[in-house]
Amino acid sequence: MSLPRHLFTPAFRHQHLGGSFAAIVGIMVFIATFATAAEAILLTASYLWGQTAEDRLTIEIPAVGDEATMSQAERVKQVTSLLRAMPGIENVEALSNKDVERLLSPWFSKPELLRALPLPTLIDVERSSDPNLTAEKIQAALRNVVSDARVNDHGTWVQDAWRLVQGLTVLGGLTIFLTALTLIISVSLICRAVIAAERETISLLHLMGTENIDIANHFQTQATRIASRASIIGFLVALVITSVLFLSTRQLSDLSALGWGHWLGVGIVSLLVPFGATVLAMVTAKISVMRLIRTFP
């Protein structure tokens, strides 16, 4: 039997249930999209940063006074010569004073104060993935040349940062799960209210020989139409706010290392959220309606 196209429209519209249905779906998609995009970017950026930083070391050579027996330039030359001669060291580059000032400038409000301080010399070292070439071994070798040279291993803080990222990933996954669960419960309750408002109509359709599956499919079509529109709106709002957030914090989180392929992956993962929310609302609506109308005469 062919059912009227807008059979459940009055219940959705006049009972204000359609607006509630759309608002809930849109809000849930917004939350899930924001959490998914942030989690995908965080994981990708952390992986790239880890790949870059794990094999890098920073050698710090403190500045010396005028009374020192060896000049700073000579100390730097001896350290770089020793590092280049060590097996497993792929690249050694001493940073200029301007580069060091640029790195330290965020912590100094007055540039003239920074220039007046005796700045250390920093040497960027890129090593191979040889596990035997540890920061401790390099530190011990440098003591024979420059006793106060310090070796900073980036791998230590990378591991701590990765543990933090893993914790945030679990939190993001929990947020997405709770959002999906809330969506299922909310859609079920709204479907129950809509069907209750159309109880007499459904009973009349039963008397006319209409099958439950036909009624459920019809209801599912209208619910899907509302959910799809709300999902798109929620996704676009989340996309705009996420973009503004990352643009406003670009100085704190440099994501320039992410290539177009990584951003494409983040976009595809984010697009799955509105699609998944629509499918989830559609399936929940059909199951809820089928369970309810089976109790009708």
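Read the figures in this text as sums done on the coordinates, not as results from a lab. On a predicted model such as this, the values are computed, not experimentally measured, just so you know. Glycine gets a Cβ as well: all are built from the backbone with ideal geometry, and neighbour counts include every protein chain shown.
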Q) Roughly speaking, what is the stretch gain from residue 295 to residue 160, that is 0.36 nm per residue apart minus the C-alpha to C-alpha distance, in nm to one decimal? A) 42.9 nm
Q. Among 162, 107, which comes first, second and so on when ranked by fewest other beta-carbon atoms within 10 Å?
A. 107, 162
(Q) With the alpha-carbon atoms as the only input, what is the per residue convex hull volume for the range 73-141 in Å³? (A) 108 Å³
Q) Under a Cβ-Cβ cut-off of 15 Å, what is the net charge of the residues other than residue 115 that fall near it, where Lys and Arg count +1 and Asp and Glu count -1? A) 0
Q.
Students often check this: by mean Cβ neighbours within 10 Å, which of 73-80, 167-174, 184-191 ranks highest, and how do the rest follow?
A. 184-191, 73-80, 167-174
Q: Please pull out the direction-averaged projected area of the range 78-237, using the convex hull of its alpha-carbon atoms, in nm² to one decimal place.
A: 18.1 nm²
Q.
Can you pull out the GluC sites (Glu not before Pro) in the range 154-220 whose DSSP state is coil and whose Cβ has at most 15 other Cβ atoms within 10 Å?
A. 211
Q. Full extension from residue 271 to residue 145: what is 0.36 nm times the residue separation minus their Cα-Cα distance, to one decimal in nm?
A. 39.7 nm
